[in-house]
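Encoded as C-alpha cells, the structure appears first; notes follow it.
The values are calculated or read from the model by the stated rules, or taken from the named source; none is laboratory data. These numbers were taken from a predicted model, which means no experiment stands behind them. Note that we place each Cβ from the backbone using ideal geometry, even for glycine, and neighbour counts take in every protein chain shown.
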Amino acid sequence: MDSFPKSTVSDTSVHTTLTHIEQKFWAQLASAPGEKENGFQTLTLVTQSDDGPPDARMVVLRQVDAERRVLWFHTDRRAGKVAQLRVHPVATLLFWDRTTQVQLRCRVKAQLHTDDAPADAQWAATWEGSRKMYLSEQEPGSPQPEPYPGFPRELGERLPTRDESEAGRANFAAVACTVLSIDYLNLGRAGQTRARFSYDGDPEAIWLAP
C-alpha cells in the first residue's frame, strides 16, 4: 500500500493521519467478504443507464485485492447492470457501516468476466446457496405472470447439488472493479472527518471539508 503525507486532524477526539485512515478502511474492506457483521459486506452499485438517470442496486462484496485495489462482486450476466457496465464501465460503489458511521464512495472502473479464467475461479469459490440463483430460467427484470422465486420451482427450499449447480455457470458473471478514487466520510459525534484518496495515476490524498 502506498504511503500518503502524514497530515493530522482531530477525529473523534483521537489524532489520526491520512495513512492510518486509508489502512483502516482497506483492512475492513479486505475482511468484509468473510464477515457477515461487517458493514462493508453489502454495498450499492451505481451505474449509468442508457436513458440518462443513474441506476442503483445492492450487491455483495465477494473478494478484495487491497494491493491491486480491486473489488469483486458477482451478477447474472443477463442483468441490466451488465449491459450498462459494458457501455459505461466507470461506476460508483457506495459503502456504509452503521456501526462505525463510515461511508466510502468509490469511483471504479469495472471489468466484466464471463468466459475466462478469472470468472472460472470466482465460480469455483461460490457455494451452492449462491449458485442456486444462477439457475433461473428467466432473465432478471423480465415480466412474469406471478411471483417468481429466482430459481427453478422444483428446487423449492433445498440447495442444488454441486453437479446440479453447474448449469448456472452459463449465467454467471464476475465483475472486477479497479478503484480510481475513494471519498471517505466519518460521521463522528466529536467531529466529522472527510478525505479523498486518488489512485488514478500517482496516489494522492487530501483532507476535505465534510
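Side notes on the structure shown:
- Scanning the stretch 181-210 for residues that are in a loop (DSSP other than H, G, I, E, B) and closer than 21 Å to Arg62 by Cα turns up nothing.
- Among the residues making up the stretch 45-79, those that are β-branched (Val, Ile, Thr) and either modelled with pLDDT under 95 or under 27 Å from Arg169 (Cβ atoms) (or both) are Thr47, Val59, Val60, Val64, Val70, Thr75.
- The single residue among Phe73, Phe40, Phe95 that is aromatic (Phe, Trp, Tyr), touching an Asp or Glu at 6+ places or on another chain (Cβ under 8 Å) and on the phi < 0 side of the Ramachandran plot turns out to be Phe40.
- The combined condition, being modelled with pLDDT under 95 and more than 30 Å from Glu166 (Cα to Cα), is not fulfilled by Asp97.
- Residues in the stretch 30-85 that are among the hydroxyl-bearing types (Ser, Thr, Tyr) and either closer than 17 Å to Ser130 by Cα or touching a Pro at 6+ places or on another chain (Cβ under 8 Å) (or both): Thr42, Thr47, Thr75.
- Any hit, the stretch 164-180, residues being in contact (Cβ under 8 Å) with a residue 24 or more places away in the chain, part of a loop (DSSP other than H, G, I, E, B), buried (at least 16 other Cβ atoms within 10 Å of the Cβ) and more than 21 Å from the chain's Cα centre (by Cα): no
- Count - residues of the stretch 1-37 that are under 20 Å from Leu185 (Cβ atoms), outside any strand (DSSP E or B) and at pLDDT below 95: 5
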